[in-house]
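FYI, it's all coordinate maths here, none of it is from the lab. This one's a predicted model, so the numbers in the text were calculated from it and none came from an experiment. Here Cβ is always computed from backbone atoms with ideal geometry, including for glycine, and neighbour counts include all displayed protein chains.
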Amino acid sequence: MLSNKKLQSVAQKNHFGIGAFNVYNMESVQSVICAAEAEKSPVIIATTEGAIEYAGHKALANIIKVASEESKVPLSMHLDHGKDLNIIRRCIKLGYSSIMIDASHFEFEKNIRITKKVVDMCHKKGISVEAELGTIGGVEDKVSARKIILTEPEDAKAFVDATGCDTLAVAIGTSHGAYKFAGRSKLDIARLREIKKIVKIPLVLHGASGIPQNIVRKAKRFGAKLGHPHGVSESDTKAAIRNGISKVNIDSDLRLAFDASIRQVIADKPEIFDPRKILGPARSSVCDLIRYKMKLFGSSGKAYLYKRR
Ligand code: G3H
Ligand code: 13P
Ligand code: ZN
């Protein structure tokens with residue numbers, strides 16, 4: 001496995017983005033690997049603390065490890081939004097190649113202190129560390145809805161210098177979940193450019209799901225109650241990558257695709273009760289969506305840039 005530092009530094013130099021896709025069970029891991037193989041793309045396999053709690057840490061890590069051993073694509077096993085130091089310690093033991101410490105909900109000095117502590121722990125083992133400055137809004141399992149506070153470029157530079165983190169998640173207007181914007185997608189690309197100018201390490205965009213409307217329509221057609229979800233537009237995503245983002249976090253899109261497929265299969269074929277016939281098509285839908293994202297982010301066909309993993 002490679003660290004995100006390695007994966008992203010190549011992406012940064014070659015102006016493409018690497019998708020970080022959230023997983024929580026065997027099918028979701030297989031969807032990610034299936035897409036990366038088909039697209040010959042580097043990929044980041046991300047587990048949140050919520051996913052770890054759901055699947056069991058050792059079980060989930062081992063599914064990822066086995067799948068990655070059987071694959072040739074450059075990839076990392078990454079902790080997404082790590083907050084609990086005990087979980088971070090376990091990730092180190094289980095062979096994660098990349099860890100995110102998210103202490104962005106604390107004030108600046110405390111965020112620095114906690115991040116620095118994790119950087120010291122991880123660098124000893126050759127694991128790269130992503131940190132976050134500013135707050136990305138929206139809902140996560142372990143955190144309640146948060147107000148968006150955009151990242152200040154000067155603060156970002158001071159934060160990176162003080163912590164020694166390897167990559168940085170910046171807040172430029174996205175939020176987690178399916179309801180990101182009331183109307184059109186809007187990212188602060190000028191701010192991103194300013195950050196990029198003075199912060200030399202690779203940057204990360206959280207809350208990057210596009211919430212494809214065809215998938216929303218399909219889910220609704222088969223009974224999902226979803227309101228009016230909206231995500232980041234494809235042109236905004238591409239602009240973010242062009243202006244310095246090299247890791248693009250996607251979770252909600254995959255959840256929607258999985259959900260829509262399951263609803264359709266159950267509605268179309270009510271006689272089916274073999275879970276494999278329900279989950280199999282959902283796994284394929286998610287793989288197809290990830291392949292689409294890899295093309296959009298420009299990572300398709302880029303596996304050759306990494307000699308070994
Ligand atoms: O930020 C990551 C997710 O979209 C939230 O995931 O529900 O597993 O915490 P979670
Ligand atoms: P989405 O909710 O936009 O998929 O964001 C995922 C994310 O940022 C995971 O860390
Ligand atoms: Zn996130």
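Table for the structure above
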| item | result |
| --- | --- |
| Using distinct alpha-carbon pairs, which all enter the 1/r mean, Kirkwood radius of the range 1-150 in Å | 15.8 |
| Whole-number percent relative contact order across the range 38-170, with pairs defined as alpha carbons under 8 Å at least 6 apart | 20 |
| Nearest 10 degrees, 0 to 90: helix 4-14 Cα axis against the chain principal axis | 90 |
| Peptides 39-51, 149-161, 67-79 ordered by average Cβ neighbours within 10 Å, highest first | 39-51, 67-79, 149-161 |
| Computed over the range 99-198: relative contact order in percent, which uses C-alpha pairs under 8 Å that are six or more apart | 27 |
| Scattering curve values for the chain, log₁₀ I(q)/I(0), Debye with Cα scatterers, q = 0.11 Å⁻¹ | -0.62 |
| Reachable lysines, given that their alpha-carbon falls under 17 Å from the alpha-carbon of residue 238 and they are not under 8 places away in the same chain | 13, 186, 196, 247, 293, 295, 302 |
| Note, ³J(HN,Hα) from phi for the range 59-71, Karplus 6.51, -1.76, 1.60, rounded to Hz, x at Gly and Pro | 4, 5, 4, 5, 4, 5, 4, 5, 4, 6, 5, 7, 10 |
| CD proxy at 222 nm, helix term only [per DSSP H run n ≥ 4: -39500 (n - 2.57); per residue of the chain; nearest 500] | -15000 deg cm²/dmol |
| Phi to ³J(HN,Hα) by Karplus 6.51 cos²θ - 1.76 cosθ + 1.60 over the range 180-190, Hz, x for Gly, Pro | 8, 9, 5, x, 7, 5, 8, 10, 8, 5, 4 |
| Nearest 10 degrees, 0 to 90: helix 252-268 Cα axis against the chain principal axis | 10 |
| Relative contact order, percent, the chain [alpha-carbon distance under 8 Å, six or more residues apart] | 23 |
| Interchain or long-range residues, amide H under 5 Å from residue 299's placed H | 17 |
| DSSP bridge pairs, the chain: antiparallel proportion in percent, nearest 5 | 10 |
| Principal-axis tilt of helix 108-123 within the chain, Cα atoms, nearest 10 degrees | 80 |
| Whole-Å distance, taken between Cα centres, linking the range 160-195 and the range 57-133 | 20 |
